[in-house]
There are 2 protein chains.
Amino acid sequence: MDNQTPDPVFRALADSTRRAILERLGRGDASVTDLAAPFAMALPSFLKHIRLLEETGLIRSRKAGRTRTCTLQRAPLAMIDDWLARQRSQWEQHADRLEQFVIGKSQEGWPE
Amino acid sequence: MDNQTPDPVFRALADSTRRAILERLGRGDASVTDLAAPFAMALPSFLKHIRLLEETGLIRSRKAGRTRTCTLQRAPLAMIDDWLARQRSQWEQHADRLEQFVIGKSQEGWPE
């Protein structure tokens, strides 16, 4: 995944229907029919979301007879999780340095 | 933030320039001029990215004289961090249940 850009993954997650599909698949595999059931949406529109998630690598699907079953793929989520973790760690280091600077300044200010 | 949708935050992050701006601001405040310097991009295009980040609440900016200084705002990042953490936790619970099911099945299979 290293040479891939997270752009399409972030774009795929910027939609509440697609996030709900991923949330559902986090509890286990499901058929497209079961995934579509909670949504008041025409099937062709729903299938566009499924296709986009598949193109982004966030899910995989396989067909057995008339049933298409979807599985969550963790790698793309891990990629953006890593990006967020790096930001958090960088920000915490910055906050620590700021704190040390403020402590240093306030100690300078104390009378001998 | 609870009543807000993370859609615009995910959309804002789906762009390498905007992510680079946030990465830079994670190391401390910076002026728009300094933020723009690493990018081979016309200033009006760059300012569109700044404006979008500000609209999404990911950064704030203040003007002093001719200098506009930007600050990272952590709350929107925390919101999508929370979403990812919930997915990870749900998936891990599912993986645990699967493991217990497989162990159960394999024990059933042992001869007495």
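The values are calculated or read from the model by the stated rules, or taken from the named source; none is laboratory data. All values derive from a computational prediction rather than experimental measurement. Because the Cβ atoms are built from the backbone with ideal geometry, glycine has one as well, and the counts that use them run over all protein chains shown. What goes into the accessible areas is simple: the full protein's heavy atoms, side chains included, and nothing from ligands, DNA or RNA. Shrake-Rupley method; radii C 1.70, N 1.55, O 1.52, S 1.80 Å.
Against the test of being in contact with an Asp or Glu (Cβ under 8 Å, 6 or more places away or on another chain), open to solvent by 40 Å² or more (accessible area, probe 1.4 Å) and modelled with pLDDT of 95 or more, the options B:60, B:51 yield a single qualifying residue, B:60. Looking at (1) without any contact (Cβ under 8 Å) to a residue 12 or more places away in the chain; (2) under 19 Å from the mean Cα position of the chain (by Cα); (3) over 22 Å from residue B:84 (Cα atoms), can you tell me which one residue B:29 breaks? So the condition that residue B:29 fails would be (1).
Considering the range B:1-17, the residues that are without any contact (Cβ under 8 Å) to a residue 24 or more places away in the chain and more than 14 Å from the chain's Cα centre (by Cα) include one that is least open to solvent (accessible area, probe 1.4 Å), namely B:3. For first residues located in the range B:75-88 and more than 9 Å from chain A (Cβ to nearest Cβ), partners that are open to solvent by 10 Å² or more (accessible area, probe 1.4 Å) and lie 6+ apart or on another chain with Cβ distances below 6 Å form the pairs B:75/B:1; B:76/B:57; B:79/B:1; B:79/B:6. Give the residues of the range B:18-37 that are open to solvent by 10 Å² or more (accessible area, probe 1.4 Å) and under 23 Å from residue A:93 (Cβ atoms), sorted by residue number. Selection gives B:18, B:19, B:20, B:23, B:24, B:27, B:29, B:31, B:34, B:37.
Let's see how each residue does on (1) farther than 20 Å from residue A:83 by Cβ; (2) under 16 Å from the mean Cα position of the chain (by Cα):
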residue	(1), (2)
B:59	no, yes
B:75	no, yes
B:78	no, yes
B:88	no, yes
B:91	no, no
B:95	yes, no
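Within the range B:1-88, considering only helices (runs of 4 or more DSSP H) that don't extend past its boundaries, which have at least 2 residues that are closer than 28 Å to residue A:16 by Cα? Please lay out each step first, then the result.
Details: elements: B:7-13, B:16-25, B:32-36, B:43-55.
Result: B:7-13, B:16-25, B:43-55.
Is it fair to say residue B:100 is within 28 Å of residue A:74 (Cβ to Cβ), touching a Lys or Arg at 6+ places or on another chain (Cβ under 7 Å), in a helix (DSSP H, G or I) and within 14 Å of chain A (Cβ to nearest Cβ)? Steps first, please.
Numbers: within 28 Å of residue A:74 (Cβ to Cβ): yes; touching a Lys or Arg at 6+ places or on another chain (Cβ under 7 Å): no; in a helix (DSSP H, G or I): yes; within 14 Å of chain A (Cβ to nearest Cβ): yes.
Answer is no for this residue.
When A:100, A:73 are screened for being open to solvent by 80 Å² or more (accessible area, probe 1.4 Å) and among the polar types (S, T, N, Q), only A:100 passes. Candidates in the range A:32-57 are the residues that are farther than 19 Å from residue A:80 by Cα and β-branched (Val, Ile, Thr); of these, the one that is nearest to the other protein chains (Cβ to nearest Cβ) is A:50.
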